[in-house]
1. Taking amide H atoms as placed 1.01 Å from N in the peptide plane, list the residues 5 or more away in sequence, or in a different chain, whose amide H sits under 5 Å from that of B:S374.
2. On a C-alpha basis, how far is the centre of region A:72-147 from the centre of region A:213-275 in Å? Whole number, if you could?
3. Around B:G302, what is the net charge, scoring Lys/Arg as +1 and Asp/Glu as -1 over all other residues with Cβ under 12 Å from its Cβ?
4. Please identify the chymotrypsin sites (Phe, Trp or Tyr not before Pro) of region A:83-165 that satisfy two criteria: DSSP loop assignment and at most 11 other Cβ atoms within 10 Å. Which are they?
5. In region A:215-323, what chymotrypsin sites (Phe, Trp or Tyr not before Pro) fall in a loop by DSSP, with at most 13 other Cβ atoms inside 10 Å?
6. Once phi is turned into θ = phi - 60°, what whole-Hz ³J(HN,Hα) does the Karplus curve with 6.51, -1.76 and 1.60 give for every residue of region B:485-501, x standing for Gly and Pro?
7. Of the options A:G237, A:S191, B:G302, report the single residue whose Cα projects farthest towards the positive end of the charge dipole of the protein assembly as shown (beta-carbon charges: Lys, Arg +1; Asp, Glu -1).
8. Among residues other than B:G277 whose Cβ falls under 15 Å from its Cβ, what is the net charge (Lys/Arg +1, Asp/Glu -1)?
Amino acid sequence: MSRKIALPVWELTLVLMVIAAGAWSSTLSEYYLSVDQIFGSTRFFIIPGLMALGLAMVVSTGEIDISLASTIAVGTVTLSKLAAFGVPAPIAIVVVVVVGCLCGLINGLLVARWKLPSLAVTLGTMGAFRGFAFIVGSEVGYTDFSDAYLYTGSEYVFAGIVPVSLFVFLAAALVVAFVMHRTIFGRQCFSIGLNADAAWYAGVDIVRTKILTYVAAGALSALASVVWIGQYGSARGDNADGSILFVVTAVVLGGVDINGGRGTIGGVVLALCLLGTIRNGMGLANIGGPSQTVVLGALLVAGVLRPVLAAAVLKLARRPRAA
Amino acid sequence: MDTEVGAVAPKDDAPLLSLRGIAKFFGPVNALEDVSFDIYPGRVHGLVGENGAGKSTLVKIITGLEQPNAGTVILDGAAVQFGNPIEARENGVAAVYQDPKLFPHLTVAENIAMGAYPRTAIGSVNRRAMEDNARRLLARLGSELDVRALVAGLSVAEHQFIEIARALAYDLKLLILDEPTSALTPSEAERLFAVVRQLRDHGTAVVLITHRLEEIELMSDDITVLRDRRHIATLPARAFTRDKLVQMMVGRPLESLFTAPTHRQIGREVLSVSNLGLAGVFSDISFTLRAGEVVGMGGLVGAGRSEIAKTVFGITPPTAGEVCLDGSVIAPKSPRQMLAAGLAYLPEDRDRDGLVMAETITHNITLPILKRLSRLSVIDRGRERTTAATAAETYRVRMASIEAAVASLSGGNRQKVAFAKWLGTNPKALILDEPTHGIDIGSKAQVHEMIAQLADQGLAVLVISSDLPELLAVSDRILVIAEGALVAEIPRAEASQEKVMAAAAQKVERKRA
């Protein structure tokens, strides 16, 4: 009952917040409200956005994956090696997605099969994957990519206004939204997040489902590494280091319950728009990186607090009736 | 009700604790109705009743874990209402449970002092004082436990001693022991009882709750019987015989409410369990269920009935034996596999294991059958809704909307959703674990009717119940489990409450003698 009413309310709130953030940004620069500026600003959240889609799947089951930023580094370094060997870009992209799946599989097996706490596991693999990327990659960073490698992350279409990567993100978002809200798999993910015992009693294969969410998150992060190469043109072990804060914030602010069981992919996409707009605006307003991080952290805490606050408000509203 | 409150024998002292008209309800469910009796200092007061009779609720009310909806608790002549067990303890009232909740990674002394550490001048914990104190309290119990040992490595009996020592730290007036011996060896139980006698001789009142009637007979000076959440009698122990006690505990007028089973067409064997065992829990369990048959499974709480059901359903895979379902032998590994084979299990803890409380009725009903409602793993939401709506109507779920969260329903209606959910899987055999636990009388009758209908439709049904009249009313045959073993199989014609109870307690006595 509460679910059917509460979530659209939150999504509408997000829409209003995106508009408000956009209005604030437009006061900072007269160039803000141009079409190419707006489409261009979407580049800010496509890489964390792909990661957030994957993370939302993992979080829906009540688990967490903070190793995704390191998976990107593994992905970019892998791409640099493939480029150095002259592997055609389409094949390289397929290979790197498979590598991302393997990273996810490692996390999934540790968390689901061996029932280890996901925060500890992915903290460990966060370090391990990044270390691996540093060892395999070169110190200086590989920049010798061909145009075909860069295309996905750097090209614009429709009169050079809309980034190709935006289509990649939108396609991924549609697929993930469909999987999570229309298929058996998605329903089972949410049921595990709400009550793993009851799901297991009802015949849900918890181990398999959880592993698949981690594999999907790894694959989406690998896809993000392809976009990364296009945007920055450089592959190094420290790629995307520290970006997990933005990703977790987007998922939580999007209304996905950090304990699992609730949330919509639509909400996550809206939260990404909001965070992207805020970050873009903060850039226009010349707010420095450290201050931006403070704002992100505060938004993350606010996102986690949201259900608590909602419950407190509900309790207050109920009290007179109960007494 | 044939209440005999007035029959209390005269005592020398004024009562230590008096309960007057205690009532408690959880939503529409009554947990206790109008309970009044007195507890005297220096006497052991046995409190008996079947599962669900209200004993635990009463203990919770006395120790401040729950607040009564009506009535008063009078301690030493003054009405009291403790806000929590700590407050009760400070006023000399403490309860010890079968499995005390201690801090395993702290020492014995730290656990005993918990919440009231002695301080040194600079405010740090005064270890020496704390340990001396713990040693002194344990000595009063005749225990020489090492106060510096970690609790993690100790036995359940030692945990209980620690818990009692904690209670002694205050001026202990009333000690409540809730099923204290169920996890103890006979010699440990003997030591515990020695302590109880010693406390009693020093003027402490002791309330003893136990399923073992011989312990009640051995220890009690007074006995109170609760049944159906009501007070039945409080009498001096010598006024009871074993037979009278059992009769007071089980004989209830409710039986007339239960539908007598019609003579059914009992068909082929659907489920057969042979030599099933789970190391350390139960062993050598063999029984069969036939199509159109309702088999009851009785026994005391903790006898291993739910564990057997969970093993058959693949939740805890067996360490021995096999299950044969509809002609094919299966080694149960997961509920998924057993559901696919045609078995459904309605868990005892419906709210925790049986349903996803925060989810809608629709999503709960369709969770085990999503595959049937989807094409290429995409859920057909129209079919899902109609399937759920039909099922909810069949099982007469009273609800605001099919999209309402299950948590918003009453216990009885939740149980109907659970029925709809598990029967939607079209099982050949069905295990119902305490199907009427915590639901009101009206829904209870409906559940019994449902069980009868299911059997008439040819389903093989196993009903686990601690409610003896219910077991007798619905079953064609009753299996009795005691301490992880199948001790009796009683055909319906020969079954009586006394007989089932005797079988359930019989093995326990034999082992402990």
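1. Those qualifying (amide H under 5 Å, at least 5 residues apart or on another chain) are B:D380.
2. What the calculation gives is 15 Å, centre to centre.
3. Around B:G302, the charge tally is -2.
4. In loop regions of region A:83-165 (DSSP not H, G, I, E or B), the sparsely surrounded chymotrypsin sites (Phe, Trp or Tyr not before Pro) are A:F85, A:W114, A:F158.
5. Passing both the DSSP loop test and the Cβ count: no residue.
6. Values, residue by residue: 9, 7, 9, 7, 10, 10, x, 4, 4, 9, 7, 9, 4, 4, 5, 5, 4 Hz.
7. A:G237
8. Local net charge: -2.
The values are calculated or read from the model by the stated rules, or taken from the named source; none is laboratory data. As the structure is a prediction and not an experimental result, all values here were calculated from the model. Virtual Cβ from ideal backbone geometry, glycine too; neighbours counted across all protein chains shown. Heavy atoms of the whole protein, side chains included, go into the accessibility calculation; ligands, DNA and RNA do not. Shrake-Rupley method; radii C 1.70, N 1.55, O 1.52, S 1.80 Å.
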